[in-house]
1. Filter the stretch B:355-381 down to the residues that are touching a Gly at 6+ places or on another chain (Cβ under 9 Å) and farther than 26 Å from B:VAL468 by Cα and list them by number.
2. Within the stretch B:421-440, is there a residue that is open to solvent by 10 Å² or more (accessible area, probe 1.4 Å), within 28 Å of B:GLY554 (Cα to Cα), more than 16 Å from ligand 3 (Cβ to nearest atom) and more than 13 Å from every other protein chain (Cβ to nearest Cβ)?
3. Of the residues B:ILE259, B:ILE249, B:ILE242, which is within 16 Å of ligand 1 (Cβ to nearest atom) and modelled with pLDDT of 95 or more?
4. Within 14 Å of chain C (Cβ to nearest Cβ), within 26 Å of the chain's Cα centre (by Cα) and either buried (at least 16 other Cβ atoms within 10 Å of the Cβ) or more than 16 Å from ligand 3 (Cβ to nearest atom) (or both): does that describe B:ARG359?
5. Any residue in the stretch C:296-305 that is assigned to a loop (DSSP other than H, G, I, E, B), in contact with a helix residue (DSSP H, G or I) (Cβ under 6 Å, 6 or more places away or on another chain) and at pLDDT 95 or above?
6. Scan (1) of a type outside the set (Gly, Ala, Ser); (2) in contact with a Cys (Cβ under 6 Å, 6 or more places away or on another chain); (3) more than 10 Å from ligand 2 (Cβ to nearest atom) for the single condition A:THR45 breaks and write down its number.
7. Might you check whether a residue that is buried (at least 22 other Cβ atoms within 10 Å of the Cβ) and assigned to a loop (DSSP other than H, G, I, E, B) occurs anywhere in the stretch B:475-488?
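The values are calculated or read from the model by the stated rules, or taken from the named source; none is laboratory data. Treat the numbers as computed from the prediction; the structure is a model and nothing was measured. Virtual Cβ from ideal backbone geometry, glycine too; neighbours counted across all protein chains shown. Ligands, DNA and RNA are excluded from the accessible area calculation, which covers all protein heavy atoms including side chains. Shrake-Rupley method; radii C 1.70, N 1.55, O 1.52, S 1.80 Å.
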Amino acid sequence: MTEPVIVSDPPSAGPVKHEDLKLLQEVILRTPGDPGLEMCIQCGTCGGSCPSASAMDHTPRAIFAMLRAGMREDVMKSNTPWMCVSCYYCTVRCPQEIHITDVMYTLKNMSLESKVGGNSTASDFSKTFISLVENYGRSFEIGLAGFHNVKHFITRLPSMTPMAIGMLTKKGMSPFPPKRIKGMDQLKKILKRAKELEAV
Amino acid sequence: MSAEEKKPKERVGVYVCHCGTNIAGVVNVGEVSKWASDNLSDEGVVVARDYKFMCSSLGQELIQKDIKEQKLTRVVVAACSPHLHEKTFRNACKGADLNPYLCELVSIREQDSWVHTDKIAATEKAKAIISGGVARVIHHEPLEPLHVPIHPATLIVGGGIAGIQAALEIADAGFPVYLVEREPSIGGHMAQFDKTFPTLDCSACILTPKMVDVGNHKNITMLTYSEVQKVDGYVGNFAVTIKKRARYIKTEDCTGCGICWEKCPKKVIDDHFEAGLGYRKAVYTPFPQAVPKYPVIDDINCTYFVKGTCKACEKFCPTNAIDFNQKDEILTVEVGNIILATGWDLFDARRVPNYGYGRLANVFTNMEFERLSNSAGPTGGNIVLRDGKTTPKSVGIVHCVGSRDKNYNNYCSAICCMQSLKFAHLVHEKTGATVYNFYIDIRTPAKAYDEFYQRIIEEGTLFVRGKVAEITDAARNPGEEGKLIVQVEDTLVGKQRRIPVDMVILSAGLEPRYDSKALAKTFGISCSADGWFIERHPKLDPVATMTEGVYIAGCVQGPKDIPASVVQGAAAAARILGKIQQKEIALEPVRATINEEQCSGCRICNTLCPFNAILFHEDRMVSEVNPALCQGCGTCVAACPAGAIAGTGFSNEQILSQIDGLLLLNLNKKEAVPAVLPQV
Amino acid sequence: MTDYLYYPGCSMESSAKAYEASVEAVCGPLGINLKEIDDWNCCGATEYLSLDTTPAYSLIARNLALAEEQANGTRTLLAACSACYLNLSKADHYMHEDKAFGKKINEALAAGGLHYDPGQLVIRHLLDVMFNEVGLDKIKEKVVKPLTGLRVASYIGCMVPRPDYNKHVSDTEHPYELDDLLKALGAEVIDFPLKTACCGGHMTQIGPDTAFELIRRLISAADEYKADALVALCPMCQMNLDAFQGQMNGYFHTNYHIPILFFTQLMGIAFGKNPEDLGFGSELVSAHEAMKRIGIQTPEPVPAKPVAKKPTGLPMPPPRVRAVQQTTGNEEAS
Ligand SMILES: Cc1cc2nc3c(=O)[nH]c(=O)nc-3n(C[C@H](O)[C@H](O)[C@H](O)COP(=O)(O)OP(=O)(O)OC[C@H]3O[C@@H](n4cnc5c(N)ncnc54)[C@H](O)[C@@H]3O)c2cc1C
Ligand code: SF4
Ligand code: SF4
Ligand code: SF4
Ligand code: SF4
């Protein structure tokens, strides 16, 4: 087994703990299909392609290097996966055919579990969205944007009013939640079972 | 029948090699050899030994001593693959007056220790493999090799630098060479280049003298504008059918004065030699130093062939050398050996959509750049943008285009790092522009190559480590308007960068020739999944192929630079000269034979034979194996529905008893499977 | 008429009513019979995948299972929203490729009495079906009012051409389907370099600064190319570029005015349908001017009151001078 690596430069959180050397494998196993992440050659095609790169604290490539180095905490804290817009540029361009976008999803899952971080705005948005879906079976954008923005961008609300009015009047969007789907019970059962399966 | 009643008729010796730790590290060799002497004595094993290196002279002497003292009649060596050392051990037996074909080499390295980690299972597997070898070797017969004379002439296909080198070596040694080249002139890709790394000598200056030597050599017959259609025969005696395309020029009269192409009114974009950047006429030589000097008329574009009138060239030719009635010629030549040196094709950069080649005017390929930079090229050596006049102030050179990329070619093209460094120098020298090289890794492993890299750094080239993500003309920030923007992660900084430049050069990789698979089939050799031709051994026999008498040199075998191509050309020539000097060749007697009585004439075997060794007698409706062509691979034996084909060396008896031996059925007739199942 | 299983997706019911209306209006004439999956649920967009893997895939797979149940001989499942399309094909793809994973998802589905055999359905986007199944010839036949004179940027976005598990689309970066289709309608189609760039996705909600930048890239490029309109095929793209264009302008102190239309809306116009039936007028950046140019009367823009933005800090330099004078834009704001 490899000796623990001491990584001194920032953004390190100190010496790498031994068990974290399995971090990369953990990410791979949690991603559906075979993401091929161990094959990364650090070429930077992903970081070069990423439209969100400037908003990320580490480029996707750097994140993959950090996974290899077992820097669990730094990765879990990073906003990188949360800034991913799922454009799939990196995925189709990666010379090693790594399923990068899928890996980003896995990292988001893991960062939520780890409790140390992630981007609260982003994860809250996902949570708000999903709570709607879990209750109604469908989502609706106005309600979602409303809840979400009140919580996170309260100062922005004034500048958003014209848009919101436009949405309601011009787009004819309803400010009320959608009708529940008929199979709501069925869906709830499925999701409950799925959550149990996810845990194992 | 119990084992005791059967007295073994052969005396077999078993030799288990450690191969250092290659085998012994996984297989318990001591246990295996002891097992063999304890359990296989009923099969005839009288001695079983293990030894550190069976292939060493001490190891071989061990076998020879046993043959003499123990009166062995059969030998089984359990070691590496027969590809490597079958000859060694057969020769050892021969040295002790045992017919070499009574020795069987079974592989417990490639097929066992190298592919397993479970030591116990691997040891059991080694036992089974040896048991199979012993069961088989009992049925071997003494064989004598076939001797055939070698024709002294050599066919070389492809007149690039590799083919030229090989041709000169053989011809200088006094033997005849046929050099077949598809284009109107020999020279290959090297003729298109401006300067060559790492010494930066002008490509034409070092290539042209060699081309002229080829043209003037009394031992070389150049067949340009020609292609091989068919190959019959076998090592020492190939009969090669060549199609010589009509040039429409009487070469005996033409002086190469050039008046015809001067007068020809039909301009054609030259997408071959000028990489699409320049023009040629319908009657042309690809470049001024072409060898031979005679032009060809391109009958697809020539006005006379298209419309029926023109003949300007004929009118002006001072020696009446134009002949519109010439027809393609088919000729057959006899040769003893063949070298394939057909080189490479350039990766089509249009396949990478994010690099915009073909869409963005000022994105160029490396071959285009060679022509731009070449003083004999379309711009007279001026490095300019697609508009034909503007000199770029900043240039980005993109490494690894289409190479090291699973979406395209997964291998490294080997030459493009050096070529990109060369370009950086040329751009600097000729334009003073700012040059960026975008690379993943800089690969400069040969002599004087890394020094060249350092020289380029010193010249001020800006290196950015990152595979370019995209090249776009969509400006986003001030300063980007009207430029090409190279978007890349500078991985050493960890930030995405957008670098505006005037010109981008894509270092497209090397690919096998588009027709390489067909060519491989014509010559009965194999190519890898990529399409590169496969050598007999990647380290120890890089220019021979699995087909006797057919050699490969240069980029057909894989991407490489000019020095390495020259080395291979010379090496292939040396191999062939050695063969020619022997005057005759001993062929392996391991051959298939067809029983004419049993052959139903279904012809299934005819197409399956990878060496084209089976011919069909229409009159008698039976197939026959040409023993000199057959390589003893056994494909036909297995395929024949009538069971009419048998092989010396792989008779049914031999194969079936080897299988029985593998399953240890020879030891324990009750159980159908080995007592200890290998856990794999 | 050819039957297609149809998954509309949530946006079709709210923000993308124009898409819904126009899809309905053009499918009939082209012989596409949309059989909406009964009781479908939200696909979870990109959000559920971010939270949890198994539940996210199960959520999507419920739709696949329902579709398979209701298939009745049809195998093609069609979606018009790019995110829905990708999610459906993603679930199908990974359930197929990763057998253990497929089993796990089916185990979850079983809790609701459902099951899906991966590979059973062929999941396609509406554009792909229009282009490859209906064909341009048939579309051309239906054109009664060619869009001659309308200069458009065709915008495909991310999730249809990428990752494109089943290779339905011509290219991952510069596909030609939408260009050719719009040309068949008679429109002038610019060679839009950002054809498959990102619209910002959910960034409008979680990182507006990033989203505005992504939106600006697209809108400014379309403006640079002097496009009258940008044509989209996804409710999310349309919403981001349309509804947030104003805020983006505020953020960058620009004044772009590029209407964002669904390709089916333009097909409807070319087929001679009434603009109101195609959802015209529901776009926030009005297409009125653009459509007027080719003689189509669409609802007048409702003059919105501009938000007075108090200048903070030092004044900004004026926007970049462009060679071509903007003809539209100022009228709206006044
Ligand atoms: C842009 C670029 C720049 C380079 N610069 C350098 C450099 O500076 N220094 C360096 O060392 N290396 C350089 N290389 C590498 C160099 O090109 C190769 O090493 C060299 O061309 C290999 O020679 P070859 O004879 O194997 O193949 P080729 O040069 O490809 O020659 C093959 C010949 O075979 C002929 N042929 C093909 N098929 C048939 C057929 N079926 N029948 C008959 N004839 C056929 C072809 O017409 C051609 O004449 C460069 C490569 C590139 C792409
Ligand atoms: S593009 Fe692929 S190989 Fe390159 S750095 Fe990103 S993940 Fe690694
Ligand atoms: S998919 Fe995500 S990580 Fe990949 S390039 Fe797009 S935004 Fe960046
Ligand atoms: S006949 Fe053909 S080759 Fe001769 S001058 Fe005319 S076009 Fe040129
Ligand atoms: S030689 Fe260099 S540029 Fe060429 S493929 Fe290899 S690493 Fe890339």
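1. Hits for the stretch B:355-381 are B:ASN374, B:SER375, B:GLY377, B:PRO378, B:THR379.
2. yes
3. Sole residue among the options that is within 16 Å of ligand 1 (Cβ to nearest atom) and modelled with pLDDT of 95 or more: B:ILE242.
4. Considered against the rule, which asks whether it is within 14 Å of chain C (Cβ to nearest Cβ), within 26 Å of the chain's Cα centre (by Cα) and either buried (at least 16 other Cβ atoms within 10 Å of the Cβ) or more than 16 Å from ligand 3 (Cβ to nearest atom) (or both), B:ARG359 comes out as no.
5. Checked against the condition, which is being assigned to a loop (DSSP other than H, G, I, E, B), in contact with a helix residue (DSSP H, G or I) (Cβ under 6 Å, 6 or more places away or on another chain) and at pLDDT 95 or above, the stretch C:296-305 yields no hits at all.
6. Against the list (1) of a type outside the set (Gly, Ala, Ser); (2) in contact with a Cys (Cβ under 6 Å, 6 or more places away or on another chain); (3) more than 10 Å from ligand 2 (Cβ to nearest atom), A:THR45 comes up short only on (3).
7. no
So that you can scan it fast, the table gives a plain yes or no per residue for (1) among the hydroxyl-bearing types (Ser, Thr, Tyr); (2) within 18 Å of B:ALA246 (Cβ to Cβ):
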| residue | (1), (2) |
| --- | --- |
| B:ASP270 | no, no |
| B:THR285 | yes, yes |
| B:GLN289 | no, no |
| B:TYR294 | yes, yes |
| B:ILE297 | no, yes |
| B:ILE300 | no, yes |
| B:PHE305 | no, yes |
| B:CYS310 | no, yes |
| B:GLU314 | no, yes |
